[in-house]
1. Please pick out the residue among 112, 93, 62, 136 that is small (Gly, Ala, Ser) and modelled with pLDDT under 95.
2. Scan 147, 181 and give me the residue that is out of contact with any strand residue (DSSP E or B) (no Cβ under 8 Å at 6 or more places or on another chain), over 22 Å from residue 74 (Cβ atoms) and not in a loop (DSSP other than H, G, I, E, B).
3. Which members of the stretch 139-169 meet the condition of being loosely packed, with under 13 Cβ neighbours inside 10 Å and within 13 Å of residue 113 (Cα to Cα)?
4. Taking the residues in the stretch 1-35 that are at pLDDT 95 or above and loosely packed, with under 12 Cβ neighbours inside 10 Å as candidates, determine which candidate is farthest from residue 95 (Cα to Cα).
5. Could you run through the stretch 51-79 and say how many residues are in a loop (DSSP other than H, G, I, E, B), touching a Cys at 6+ places or on another chain (Cβ under 7 Å), closer than 12 Å to residue 39 by Cα and touching a residue at least 40 places away in the same chain (Cβ under 8 Å)?
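The values are calculated or read from the model by the stated rules, or taken from the named source; none is laboratory data. Only a predicted model underlies this, so the values are computations on that prediction, with no experimental measurement involved. With ideal geometry, Cβ positions are generated from the backbone for all residues, glycine too; neighbour counts draw on all protein chains shown.
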Amino acid sequence: MQLKDQPEIVLAQGEEQILLTLEINGTTHRVQLEPRVTLLDALREYLGLTGTKKGCDRGQCGACTVLIDGQRVYSCLTLAIMQQGKEITTIEGLAQDDTLHPLQTAFIEQDGFQCGYCTPGQICAAVALIQEVEQGCASAVTPYLTQPPPLQELSDQEIKERLSGNLCRCSAYNGIVAAVQQVIGQTPPPADALVLVTDN
């Protein structure tokens, strides 16, 4: 008897594979793959959703960040088989028809990228950041753990800490922070503002 949300096991070319149903960006996908395939490889190699990037492939850079049931996840560190029955959102699923997600628009307007390779993961992480703050989740730098600041009062330090799992090798961090500030209703500093880095 096949249990609900259990993948179906099939034999293909003498190897055991699974027939998996994944809900991605509001669409149901049936995919046949080996049980060891990561969600990242399933998205890119089996389903053609190449917006999610493979960077380090070991959970250190954040380029592969997607949303699973609204929470950010490194797709290189989770198996596709574990995601059956969950709602997966990739960068391709954030826009509504021809209208970009507000964070996508803000990244463009605030120059929150250079080469763009890390951008899909950065944007998915920023979407999760906003949801986490709205849900009252604290970060490592939140002054009062039981009273996280409202979005409009989120400090630069809070934004940077909450995005610290996503690396930008081009160092477009000022634009990334400014994009988040724009979306949460703050006024980002002008792009030509001199930013001094201090130890304090």
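1. Result of the check over 112, 93, 62, 136: 136.
2. Working: 147 fails: not in a loop (DSSP other than H, G, I, E, B).
Sole residue among the options that is out of contact with any strand residue (DSSP E or B) (no Cβ under 8 Å at 6 or more places or on another chain), over 22 Å from residue 74 (Cβ atoms) and not in a loop (DSSP other than H, G, I, E, B): 181.
3. 169
4. 30
5. Number of matching residues: 3.
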